[in-house]
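*Asks:* Before I ask anything, here is the structure I am working with.
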């Protein structure tokens with residue numbers, strides 16, 4: 001079953017005469033790890049916002065988990081994202097005024113589905129953090145005391161809590177050095193596989209492409 | 001619930017800059033409540049200047065003017081009334097007591113009031129309180145004087161000191177009754193009324209110092225010494241006004257009509273409570289001005305909060321994007337700002353109320369000593385609660401602006417803010 005299926009998708013920013021994004025077809029199967037490579041300006045950000053339901057395509061079809069996103073209102077898309085997607089940013093993923101543990105539990109505060117799937121939310125958060133190699137002593141700390149690598153692992157735990165079907169990662173390794181980066185990717189894959197989550201990973205960095213079974217070059221895919 | 005928790009944590013995280021905002025709200029709220037308190041106290045103090053007196057009688061003029069010179073020692077009587085008329089009315093069977101008042105002289109700017117012992121027996125103020133002596137006793141002799149609390153304190157008089165009374169009511173007078181000094185025999189306890197600024201002497205004393213005067217001027221070559229004056233008949237022929245206590249208050253309007261219709265002399269009787277209320281109404285403008293000013297200060301305080309909220313919008317863009325990524329709706333982002341303003345306003349109101357409470361307790365001994373006013377403990381009444389609710393409401397209204405901006409931005413930005 002396809003987790004993500006899009007065809008003839010066009011998107012154009014308001015006031016522009018040309019399409020920013022024009023994709024003929026893209027399908028992502030359940031549990032797949034997809035790497036989308038693209039230089040800056042290639043439409044990566046736009047694609048991620050479309051997949052996350054922040055933006056809606058001008059034309060074409062976009063189906064995620066069997067549901068057509070165009071048919072939903074913006075509140076329904078927000079709800080859909082909260083229930084089915086975990087998001088990891090480039091950096092500064094965490095709220096500075098919450099502890100590590102509180103940051104991880106955040107998605108369960110906004111999504112009843114993920115809360116229910118997480119079971120005992122705090123225990124679930126602790127387990128994920130343990131798996132991602134964050135010592136118990138770090139878990140109660142303020143996030144500002146963590147290194148960037150540690151912060152990104154906390155972000156992974158937060159994206160994975162409540163087992164969302166899709167994990168969207170927007171250049172999460174760009175602020176990490178090579179060793180940290182490789183360790184980070186390994187943990188990310190391991191935890192995503194344990195939950196059966198599909199990964200859509202966007203980056204400009206060709207070096208990490210080797211870690212992924214499937215690589216798509218957005219420059220080639222995008223016909224705009 | 002999670003939004004409230006996020007608001008509190010986020011506020012705490014930015015506490016250094018928000019503390020100043022909180023203080024400016026607290027101070028403006030304290031000012032608002034303080035002005036309201038002073039307004040109420042001033043009104044009750046004003047309306048309490050005289051109590052238990054059913055009628056004030058003087059020469060025919062206007063009721064407010066009569067009240068001003070007889071009770072507040074402001075301005076002068078247009079005319080005197082004869083002793084004969086006073087005796088006539090005092091003899092009315094409905095009248096229980098009277099207090100004669102003779103004005104026109106002063107001491108260092110403080111009015112001198114000639115009266116008799118009945119003043120200390122019957123004059124009441126505030127909640128029907130009688131006058132109390134801080135030191136000494138009522139005047140007994142012709143040249144004895146009883147000082148109001150402020151007169152004694154400001155001029156540093158003690159019992160036994162001699163004072164000279166000046167002719168006329170101005171602060172600097174060139175015609176002194178220096179041949180007939182008075183001796184201080186008593187000092188009154190503070191009352192918080194114009195009485196504190198009054199020198200009380202006997203009617204006979206007033207008569208004695210004017211015995212060698214004719215038509216309001218000293219006659220050269222005609223001198224009567226203090227001792228000689230005591231030998232003469234010091235029964236006054238005129239007084240300025242008098243106060244009346246009735247056996248039955250219900251008769252007030254009847255006696256008032258009788259006095260106003262008095263055939264031998266044009267007189268005016270007024271019910272002090274009614275005239276006081278009229279006078280306060282006339283002064284009411286300053287109340288409104290005070291309230292407008294304190295209202296504007298509150299608006300200024302809240303505008304300060306609005307500025308702070310607006311200035312944090314940019315640095316909080318990342319925070320909003322994170323919240324959106326974990327599943328917050330744009331309306332949650334909007335609510336965060338409204339909640340933040342709400343928390344600030346409520347804390348500001350509480351802090352402001354505490355400032356008023358503590359401030360009043362701290363100022364109490366000083367105000368008591370300086371003005372003879374007892375500052376009652378401040379507890380918010382329903383009017384104050386309404387004011388506080390209005391402050392909070394206004395704060396929420398202001399917060400709609402940054403809230404709406406953040407709402408719109410979070411729709412546009414979505415998950416992609418690179419700060």
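*Asks:* If only one of A:99, A:111 is over 15 Å from the mean Cα position of the chain (by Cα), surrounded by 22 or more Cβ atoms within 10 Å (Cβ to Cβ) and at the interface with another protein chain (Cβ under 10 Å from one of its Cβ atoms), which one is it? Explain how you work it out, then say what you get.
*Replies:* Numbers: A:99 fails: surrounded by 22 or more Cβ atoms within 10 Å (Cβ to Cβ).
Only one candidate passes the filter, namely A:111.
*Asks:* A follow-up question, please. Quick one: which helices (runs of 4 or more DSSP H) lie wholly within the range B:270-374 and hold at least 3 residues that are modelled with pLDDT of 90 or more and more than 22 Å from residue B:38 (Cα to Cα)?
*Replies:* Working: elements: B:272-312, B:317-325, B:330-371.
Result: B:272-312, B:330-371.
*Asks:* Considering only the range B:76-87, I want to know if a residue exists there that is at positive phi and either without any contact (Cβ under 8 Å) to a residue 24 or more places away in the chain or assigned by TED's automatic domain parsing to the domain that holds residue B:260 (or both).
*Replies:* Residues of the range B:76-87 at positive phi: none.
No, the range B:76-87 has no match at all.
*Asks:* Return yes when residue A:130 is closer than 28 Å to residue A:36 by Cβ and assigned to a helix (DSSP H, G or I) and no when it is not.
*Replies:* For residue A:130, the condition - closer than 28 Å to residue A:36 by Cβ and assigned to a helix (DSSP H, G or I) - is not met.
*Asks:* Residue check, residue B:184 against (1) surrounded by 20 or more Cβ atoms within 10 Å (Cβ to Cβ); (2) part of a loop (DSSP other than H, G, I, E, B), all met but one. Which one?
*Replies:* For residue B:184, the failing item is (2).
*Asks:* Looking only at the range A:32-58, which residues are out of contact with any helix residue (DSSP H, G or I) (no Cβ under 9 Å at 6 or more places or on another chain) and either surrounded by fewer than 18 Cβ atoms within 10 Å (Cβ to Cβ) or part of a loop (DSSP other than H, G, I, E, B) (or both)? Spell out how you get there, then give the answer.
*Replies:* Within the range A:32-58, the subset out of contact with any helix residue (DSSP H, G or I) (no Cβ under 9 Å at 6 or more places or on another chain) is A:32, A:34, A:40-41, A:45-46, A:48-49, A:58.
Hits for the range A:32-58 are A:32, A:40, A:41, A:58.
*Asks:* Tally up the residues in the range B:2-53 that are touching a strand residue (DSSP E or B) at 6+ places or on another chain (Cβ under 8 Å) and at pLDDT below 90, please. Walk me through it before giving the result.
*Replies:* Taking the range B:2-53 and keeping what is touching a strand residue (DSSP E or B) at 6+ places or on another chain (Cβ under 8 Å), we get B:48-53.
Okay, now just the ones that are also at pLDDT below 90, so B:48-52.
Going through the range B:2-53 one residue at a time, the tally reaches 5.
*Asks:* Quick check on this structure: which one of B:330, B:402, B:380 is surrounded by 13 or more Cβ atoms within 10 Å (Cβ to Cβ) and either in contact with a strand residue (DSSP E or B) (Cβ under 8 Å, 6 or more places away or on another chain) or within 12 Å of chain A (Cβ to nearest Cβ) (or both)? Explain how you work it out, then say what you get.
*Replies:* On the way: B:402 fails: either in contact with a strand residue (DSSP E or B) (Cβ under 8 Å, 6 or more places away or on another chain) or within 12 Å of chain A (Cβ to nearest Cβ) (or both); B:380 fails: either in contact with a strand residue (DSSP E or B) (Cβ under 8 Å, 6 or more places away or on another chain) or within 12 Å of chain A (Cβ to nearest Cβ) (or both).
It is B:330.
*Asks:* Another question about this same structure. When you go through B:49, B:78, B:53 one by one, which is the residue that is part of a loop (DSSP other than H, G, I, E, B) and under 17 Å from residue B:262 (Cβ atoms)?
*Replies:* Working: B:49 fails: under 17 Å from residue B:262 (Cβ atoms); B:53 fails: under 17 Å from residue B:262 (Cβ atoms).
Exactly one residue qualifies, and that residue is B:78.
*Asks:* Next up: Somewhere in the range A:72-95, is a residue in a loop (DSSP other than H, G, I, E, B), modelled with pLDDT of 90 or more and more than 9 Å from chain B (Cβ to nearest Cβ)?
*Replies:* no
*Asks:* When you go through (1) under 30 Å from the mean Cα position of the chain (by Cα); (2) closer than 30 Å to residue A:48 by Cα one by one for residue B:240, which number turns out not to apply?
*Replies:* Here residue B:240 meets the rest and fails (2).
Per-residue answers, yes or no, for (1) surrounded by fewer than 16 Cβ atoms within 10 Å (Cβ to Cβ); (2) away from chain A (no Cβ under 14 Å):
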site: B:1; (1), (2): yes, no
site: B:4; (1), (2): yes, no
site: B:10; (1), (2): no, no
site: B:25; (1), (2): no, yes
site: B:48; (1), (2): no, yes
site: B:54; (1), (2): no, yes
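*Asks:* Would the range A:166-177 turn up any residue that is within 11 Å of residue A:88 (Cα to Cα) and part of a helix (DSSP H, G or I)?
*Replies:* no
*Asks:* Filter the range A:59-71 down to the residues that are assigned to a strand (DSSP E or B), touching a residue at least 60 places away in the same chain (Cβ under 8 Å) and surrounded by fewer than 22 Cβ atoms within 10 Å (Cβ to Cβ) and list them by number. Show your work before the answer.
*Replies:* At the first step, the residues of the range A:59-71 found to be assigned to a strand (DSSP E or B) are A:59-64, A:67-68.
Keeping just the survivors that are touching a residue at least 60 places away in the same chain (Cβ under 8 Å) gives A:63-64.
Selection gives A:63 alone.
A quick yes/no check of all residues on (1) buried (at least 16 other Cβ atoms within 10 Å of the Cβ); (2) assigned to a loop (DSSP other than H, G, I, E, B); (3) under 25 Å from the mean Cα position of the chain (by Cα):
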residue: B:7; (1), (2), (3): yes, no, no
residue: B:17; (1), (2), (3): no, no, no
residue: B:20; (1), (2), (3): no, no, no
residue: B:38; (1), (2), (3): no, no, yes
residue: B:69; (1), (2), (3): yes, no, yes
residue: B:74; (1), (2), (3): no, yes, yes
residue: B:87; (1), (2), (3): no, no, no
residue: B:105; (1), (2), (3): yes, no, no
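*Asks:* I'd like the full set of residues that are touching a strand residue (DSSP E or B) at 6+ places or on another chain (Cβ under 8 Å) and within 13 Å of chain B (Cβ to nearest Cβ), limited to the range A:167-192.
*Replies:* Restricting attention to the range A:167-192, the residues satisfying the condition of being touching a strand residue (DSSP E or B) at 6+ places or on another chain (Cβ under 8 Å) are A:167-174, A:188-189, A:192.
Those that are touching a strand residue (DSSP E or B) at 6+ places or on another chain (Cβ under 8 Å) and within 13 Å of chain B (Cβ to nearest Cβ): A:167, A:168, A:169, A:170, A:171, A:172, A:174.
The values are calculated or read from the model by the stated rules, or taken from the named source; none is laboratory data. What you see is a predicted model, and the numbers here were worked out from it, not measured in a lab. Positions of Cβ are generated from backbone atoms using ideal geometry, with glycine treated the same way; all protein chains shown enter the neighbour counts.
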